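Below is one structure, written out as structure tokens; the observations come after it.
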Amino acid sequence: MNSVRHAARELAINILYIIDTSDVSTEDAIYDIIDRVRNLSEEQSDYKEYALSMGLLKNEPDIVDDLEIYTKTLVYGVRSIRYDVDDLIESFHKEWTSDRIEPVIKSIMGIAMYEMSHVEDIPVKVAINEALDFVRIYAGEEPVKFLNAILQEHLDSLELDEPIINKGGKGKSNKKSGKSFSDED
């Protein structure tokens, strides 16, 4: 399931980017990307390497169904909190408006924020680490510190008992789910 969620995050980043940089509706962007994944064949080049790594060309409909469900969850979830994302950016950096942030970074930030506050079975640490990994892939090393700082501010607003990783290597408790996480997760 973890690789499906990772893949869904990547598809959601692409879909959110399309939505933010074009006149394509949310539904059309989702349909277009998911349809490409669903209808892959060995001869198609779009998403071929990605599909091979996910086992999608082996005709595993359950994987594609799970991928579609979680991708839609993320896209609609991020769209529902997009003003919260903008507000957090603007409150964090008074001289910036949210439109100064590259759309791909805002998409990644939105996915992490949504997972941190709305998806109970995703550890906060996983949401943050995935976001930082994706920002490195899509935007390089430079925005990593900025994104990490914003996500930490969001984390602080979630009423967690302790920071995500304390210096003693102990875990933390997440009030939204009651789960405990440690560095070994």
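Summary of values
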item	result
Some residue of the stretch 11-31 being at pLDDT below 70 and hydroxyl-bearing (Ser, Thr, Tyr)	no
Verdict on Leu74 being assigned by TED's automatic domain parsing to the domain that holds Ala8, modelled with pLDDT of 85 or more, in contact with an Asp or Glu (Cβ under 8 Å, 6 or more places away or on another chain) and not charged (D, E, K, R)	yes
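The values are calculated or read from the model by the stated rules, or taken from the named source; none is laboratory data. Predicted, not measured: the structure shown is a model, and the values here were computed from it. Counting neighbours? That spans all protein chains shown, and the Cβs are built from the backbone with ideal geometry, glycine included.
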